[in-house]
1. When N is the residue count of the chain, what does its C-alpha Rg come to as a fraction of 2.2 N^0.38 Å?
2. Quick one: accessible area per residue over the chain, 1.4 Å probe, rounded to a whole number of Å²?
3. Scan around Ser32 for amide H atoms under 5 Å from its own, H built in the peptide plane at 1.01 Å from N, and keep only partners 5 or more places away or cross-chain.
4. Taking θ = phi - 60°, what integer Hz values does the Karplus form 6.51 cos²θ - 1.76 cosθ + 1.60 yield along the stretch 50-57, in sequence order, with x for Gly and Pro?
5. Rounded to the nearest Å, what's the spacing between the alpha carbon centres of the stretch 69-96 and the stretch 171-236? Just the number, please.
6. From the phi of every residue in the stretch 123-139, what ³J(HN,Hα) in whole Hz does the Karplus formula 6.51 cos²θ - 1.76 cosθ + 1.60 yield, where θ is phi - 60° and glycine or proline is x?
7. Carbon and sulfur together cover what percent of the accessible area of the chain at a 1.4 Å probe radius?
8. Quick query: amide H of Gln87 versus all other amide H atoms, modeled in the peptide plane; which residues come in under 5 Å with a sequence gap of 5 or more or a different chain?
Amino acid sequence: MKRLTTALLCSALTASLMLPAAPATAVLPATSVVAVGSSNSKALFSNAGGYVASYTRFSQQYILRNIKSNRTGVLQESRNGRWVTLQKLTWKKQVGKATSTAVTVRTTHTAATVKKKYRLVVNASSKEARWESKHVTLRHENPRFYNGYKKTVYNQVKRYCPNVIILEEDRLHSYTYSTSLRMNVARRPAGNLLKYAALHECAHIREFSLYPPSQQGTLRAKLNKIYKTTGTGGIEQAADCMAFRMGVNSKLIFGTYTKNCAGARGTAAAKLLAGTKL
């Protein structure tokens with residue numbers, strides 16, 4: 001009896017060794033998402049800098065790399081603890097190219113000063129895994145509700161830049177972000193220098209609204225040709241000429257990039273201020 005049991009056990013072990021192995025679970029390749037024109041390629045609305053001006057919608061383009069087939073996805077906003085779909089998206093595979101077609105995603109439109117949370121989702125396909133961005137919180141801000149120094153700056157620019165994010169700058173120089181269209185204005189004494197700083201930065205807002213990041217190389221080349229400058233010189237001198245047209249008295253201030261706004265220089269500034277491309 002003992003021998004029989006041993007024989008049966010050996011037979012069972014042999015049979016088990018002959019059974020085919022269970023198939024391993026296939027690991028789907030990770031989806032590669034790229035934000036166009038951003039140094040932080042995987043972040044959602046990375047170019048916004050954390051802010052969106054009231055009455056506007058911030059937009060940014062995204063592409064997918066090396067996809068196997070067309071892909072779908074959604075842009076969503078968190079409302080009362082639930083993710084609500086704002087846009088349904090489709091990326092199309094391009095023959096002979098490593099990247100998909102680009103899709104543009106946009107924030108919601110609001111007049112309120114409020115924080116909103118967003119996420120971008122690329123749905124899974126039969127050959128590729130699902131991808132979800134990190135959630136991003138953006139402050140939608142209405143400059144009409146500013147107070148203190150920011151209100152003083154806004155009152156200078158509201159005719160030409162009615163929907164703009166303004167931050168007070170601790171450093172001596174004011175500047176504008178060409179991607180988020182945000183003005184950081186250095187504290188100046190009330191008067192001509194403050195008016196100049198505010199309207200010069202507002203002029204940059206007007207320039208960069210006409211020429212988004214993908215077209216700013218074109219803007220730079222055109223203005224450098226007109227103003228006989230290099231680098232960002234043309235953009236800065238055009239902003240001065242635009243500020244003078246917006247009411248800055250060039251005779252009452254110092255430290256400008258230029259005061260020569262004659263001929264083609266003034267014509268270019270006038271076009272940009274009017275919202276016309278060069």
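1. Details: Rg = 28.3 Å, N = 278, 2.2 N^0.38 = 18.7 Å.
Against the empirical 2.2 N^0.38 Å value, I get 1.52 for the chain.
2. Details: 15460 Å² over 278 residues.
That works out to 56 Å² per residue.
3. HN-HN under 5 Å from Ser32: Arg65.
4. Whole-Hz 3J(HN,Hα) from phi for the stretch 50-57: x, 10, 9, 6, 4, 6, 10, 10.
5. Using only Cα atoms to place each centre, the spacing works out to 34 Å.
6. Each residue's phi maps through the Karplus curve to give 5, 5, 10, 5, 10, 9, 7, 5, 10, 9, 6, 5, 5, 10, 10, 10, 8 Hz.
7. 53 percent
8. Amide H to amide H, under 5 Å and 5 or more residues apart or across chains, Gln87 pairs with Leu75.
The values are calculated or read from the model by the stated rules, or taken from the named source; none is laboratory data. Computed from a predicted structure; not experimentally measured. Surface areas here come from the heavy atoms of the whole protein model, side chains and all, with no ligands, DNA or RNA. Shrake-Rupley method; radii C 1.70, N 1.55, O 1.52, S 1.80 Å.
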